[in-house]
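What follows draws every value from the coordinates through simple rules; no lab data is involved. Keep in mind it's a predicted model, so treat the numbers as computed, not measured. Ideal geometry is used to build each Cβ from the backbone, glycine not excepted, and the neighbour counts take in all protein chains shown.
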Amino acid sequence: MKPVVFTIPFLNWDIPGYGLMLMLGFLISIWWATRRAEKSGADPEVILNVGFLALVGGVVGCRIMYVVHYWEQFASRGSAWDIFLAVVDIRKGGLEFYGGFILTILMTLLWLRFKERVSIRWYLDIMAPSAALGLAIGRIGCFLNGCCFGGVCDLPWAVQFPYGSPPAVHQWQAGVPGAALPEQLLFTHTPGLTMPISRESMAASPADLATVEKQEKALGTQLAGLQTKLAQATSEGRPSIERQIKQVEQKRNMARGAYLDLRRNMERYGLTHEEIHTLAAAHGSPRLHPTQLYSTVTAGLIALLLNAFYYRRTRDGQVILLLLAIEPVTRWMLEVIRTDNPIDTLGVFTISQGLAVTMTVLGIVGLFALQFLPPRSPRAVLFEPEDETNHAAPVEPAG
């Protein structure tokens with residue numbers, strides 16, 4: 001697990017593993033699709049245009065589905081602005097594949113039909129293997145982030161995620177044997193709300209903690225000075241000082257809240273930065289199924305299968321419909337051993353299993369319906385690049 005792969009020097013920008021793998025998956029998948037288009041006589045520019053739609057629609061659709069599915073996590077954030085910021089923050093994951101897949105398909109259908117005016121069946125076939133490849137690479141990002149995790153197992157390839165990771169916190173909340181934490185790692189935010197010290201706080205260095213404490217102390221001194229000044233001010237000068245006090249209070253509250261759980265527990269239990277990290281290192285999650293990597297393998301195999309089938313298909317539309325028919329089957333099986341999604345659909349399925357059944361049925365029905373359509377789509381016209389050769393005008397003889 002590696003939520004942050006590296007930090008850009010000088011800019012101090014963290015590059016998250018999840019986002020990096022999403023971008024790599026997108027770029028490699030688009031490149032692969034354009035290669036397939038070139039080999040089969042389609043227009044690579046159409047693939048690039050649809051690729052941009054897939055990037056936007058994929059992220060937005062995945063996020064919408066996740067937010068709707070777990071709305072209670074966002075509704076409790078406070079103000080409308082706080083909720084909005086939480087909704088758009090995808091740096092830690094929080095995307096559900098089928099939401100992006102469905103929205104991307106809808107946007108692609110409209111774009112190909114009304115903008116590009118090309119064969120929908122043919123171009124969806126070209127892009128189908130790349131969709132599976134993008135999923136395969138994206139799941140590596142899930143593994144680096146620690147989301148989409150599986151249940152406890154003792155298989156030789158089982159993995160243990162570190163303290164503070166989504167699997168570790170989830171297993172602690174569920175009371176899974178082996179996931180208990182000592183009180184030194186638990187912080188009570190409000191009565192009735194006790195949580196493990198966050199991994200964001202645990203990532204703070206001693207220098208970070210010292211900086212925050214210094215800021216808090218300096219702001220406290222500044223606030224005391226303003227309050228003394230306010231007591232001595234005339235009625236005309238009070239509004240300006242009161243505004244300054246409010247601004248300083250907001251800054252001090254932010255400084256107080258930074259790494260609060262870590263700082264308070266270190267103080268309460270008399271632990272050094274090194275000691276509390278040593279304690280946390282000994283309390284990772286129980287050993288779990290690496291379902292993210294299972295998905296990488298299955299989606300990768302599906303991508304290779306679809307790519308080979310593309311050059312052997314007998315009808316336009318078979319490749320995309322085959323993807324719809326078989327990928328949800330693997331997702332269904334993975335959902336059986338995943339523990340991050342609740343059973344909340346018809347009382348027996350996770351939402352992804354419900355969508356998987358629907359998509360498989362659509363894929364099978366679509367393959368049957370193709371038999372009543374022409375093997376080759378009427379709009380499947382070979383792409384002919386424009387002749388950009390500049391022919392010089394003939395020069396008339398002098399005289």
Query raised in the report: Which shape class, rounded, prolate or oblate, goes with region 98-242 when its Cα gyration tensor gives a ≥ b ≥ c as root eigenvalues, a/c under 1.5 marks rounded, and past that a/b bigger than b/c marks prolate?
Result: oblate
Requested in this report: Calculate the dipole size of the chain relative to its Cα centre from +1 charges on Lys and Arg beta carbons and -1 charges on Asp and Glu beta carbons; express the result in debye to the nearest 20.
Outcome: 400 debye
**Report entry** Farthest positive-ward along the chain dipole, Cα basis, beta-carbon charges - from 279, 300, 61
**Finding:** 279
Query - Cut-off 13 Å, label 7 Å out along Cα→Cβ of residue 56, residues of region 10-49 by amide N - result: 49
Report summary line: For region 194-281, the charge dipole (Cβ of Lys, Arg +1; Cβ of Asp, Glu -1; about the Cα centre) points to a positive end, and the Cα of 237, 221, 254 closest to that extreme belongs to 237
Query raised in the report: Mind checking the dipole of region 194-281: about its Cα centre, +1 per Lys or Arg Cβ, -1 per Asp or Glu Cβ, Debye to the nearest 20?
Result: 360 debye
Query - Reachable lysines from residue 214, criterion Cα separation under 24 angstrom, eight or more residues apart if same chain - result: 229, 246, 251
Query raised in the report: For 31, 332, what's the fewest-to-most ordering of other Cβ within 10 Å of each Cβ?
Result: 31, 332
Query raised in the report: Angle, helix 318-337 long axis vs. longest principal axis of the chain, Cα atoms, 0 to 90°, nearest 10?
Result: 30 degrees
Report summary line: Computed over the chain: longest principal axis from alpha-carbon atoms vs helix 291-310 long axis, angle to nearest 10 degrees, is 20 degrees
Requested in this report: Sticking with the crude label model, points 7 Å out along Cα→Cβ, report the distance from residue 249 to residue 106 in nm, one decimal please.
Outcome: 4.6 nm
Report task. Determine the calculated [θ] at 222 nm for the chain from helices alone, applying -39500 (n - 2.57) to every DSSP H run no shorter than 4 residues and normalising by the residue count; nearest 500 deg cm²/dmol. Result -> -20000 deg cm²/dmol
Query raised in the report: So how tilted is helix 97-110 from the main axis of the chain? Cα-based, degrees 0 to 90, rounded to 10.
Result: 40 degrees
